[in-house]
Every structure is written in C-alpha cells, then in structure tokens.
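Taking it in order: structure first as structure tokens, then the write-up.
The values are calculated or read from the model by the stated rules, or taken from the named source; none is laboratory data. Remember, predicted model here, so these are calculated numbers, not experimental data. No Cβ is skipped: glycine too gets one built from the backbone with ideal geometry, and neighbour counts run over all protein chains shown. Only protein heavy atoms, including side chains, enter the accessible area calculation; ligands, DNA and RNA are left aside. Shrake-Rupley method; radii C 1.70, N 1.55, O 1.52, S 1.80 Å.
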Amino acid sequence: FVASGPRGEELIVNTSDRLEALDPTTGEVLWYTGDANRVPIGMPVCHDGVLYATRGYASGPYLAVKLGGRGDVTRSHVLWEIPTGAPYVSSLLYYQGLLYLATERGIVTCADPQNGAVIWRERLGGCFTASPVGAAGRVYVFNEDGEGIVLAAGRRFEIVARNHLEERILASPAMARGRLFVRTDENLYCIGGRA
C-alpha cells in the first residue's frame, strides 16, 4: 500500500513481524511498529496523513499510525492501538469520518478514528471475507453466504436492507458510476445505476 507522507511516498508493508514503511525508490526501512502477529492480510487505509491497519490472525489488533516517522515509531507516531477485534481477512473502511470493520465472526464494528473507541458493534451473522465499501451514505457488507447487508453510515446502527444472492461471496465488491459490482464464485453482478 503506497501512502503520501509528509516527507514523500511511503510503501506500507504489513508483515507477520511488524508494520513497516519503506522508501519505494530505495527499499530503505523508514519506520516500523507493532509486535509479531500471524498472517496479517487486510490492506491498510489512509486518511489525512494517518494510516489505519489491522495486524492479523484471530481477532488481532488494529491501530492508527501518523505517517512520516523514522525508526521505531511505537511511542512517537502510534496514535492508538486496540488489542483485539480486528478482522482477519477483510480490510478496514474509512468512510465519512468513521472506521468500519467486518470480521470472519460475522461482527461489524463502527469505530472512532480519533481514538479507536467502539461506537457500535453488532453481530450480523455469517463470515465476512469481503471488505466493506461505502457510497451514498451507506456501508455495504457481504458475507460468504451471499447475503448483502446495507447499513446507514454513521454513529447510530441501522440496517437499511438485506439481500440474498444465494451464491458464495469471498471477493470485495467494487463501485463505479453509481453501480455496485459483486463477484460470487459463479457470477459477476452489477447492481444499481442506469442501463
């Protein structure tokens, strides 16, 4: 993941040993933080010079790191770290000033990006491998059973709709021109927009 830091671009690598930022032109390690954790998969997200990342397997930690550090930034640039509750596979979503997490245990969390505090947390069922996406004031999550759940974005938990595609979904949806593209094991669906 490449992020624009105050000193230039930073190539973020989330390894089992630690979270690192490298100079993308030289490969030099710029900064690092975090303890070893098994198999981090989720892609970080960045907003306003702050990187939000998960750290791996089995409801591991998630954290916020201010870009631009040098060396071990655990004390200087890590803004906060929550020790548990992060998704294993799916990536975080930063949308309309909030963080959204969808876990393999069927739990969706809305967290405050300022401090990581849980605003709401609900068990929606299924297993979330696909990452959540946001558009038009909504957050879209799809579980592996093919159920798409539309949530109102915001500090109050609200389910807007539940839809079933009846096919397994592992891939994260994509959005373009007012349309939602969902890939199942069998098909590619285009939802919404104008023909």
If each of ARG155 and ILE119 carries a label point 7 Å out from its Cα toward its Cβ, how far apart are those two points in nm? 0.8
Between ILE191 and LEU170, how many nm apart are label points set 7 Å from Cα along the C-beta direction? 2.0
Mind jotting down the distance between the C-alpha centroids of region 57-115 and region 128-195, whole Å? 22
With a 10 Å cut-off between alpha carbons and a GNM built on the chain, which of GLY125, GLY56, GLY85 moves the most? GLY125
Taking a probe of 1.4 Å, how large is the accessible area per residue of the chain, in Å²? 50
With the full set of protein chains in place, find how many percent of the accessible area of the chain is carbon and sulfur; take the probe as 1.4 Å. 48
Taking a spot 7 Å from the Cα of ARG38 along the direction of its beta carbon, which residues of region 66-106 have an amide N less than 14 Å from it? 88-89
Heavy-atom accessible area with a 1.4 angstrom probe orders ASP17, ASP72, most exposed first, as ASP17, ASP72
Could you state how much accessible area THR26 has, in square angstrom rounded to the nearest 10, with a 1.4 Å probe and all protein chains kept in place? 100
Cleavage-rule hits (GluC sites (Glu not before Pro)) in region 1-103: DSSP loop, at most 12 neighbouring Cβ within 10 angstrom: GLU28
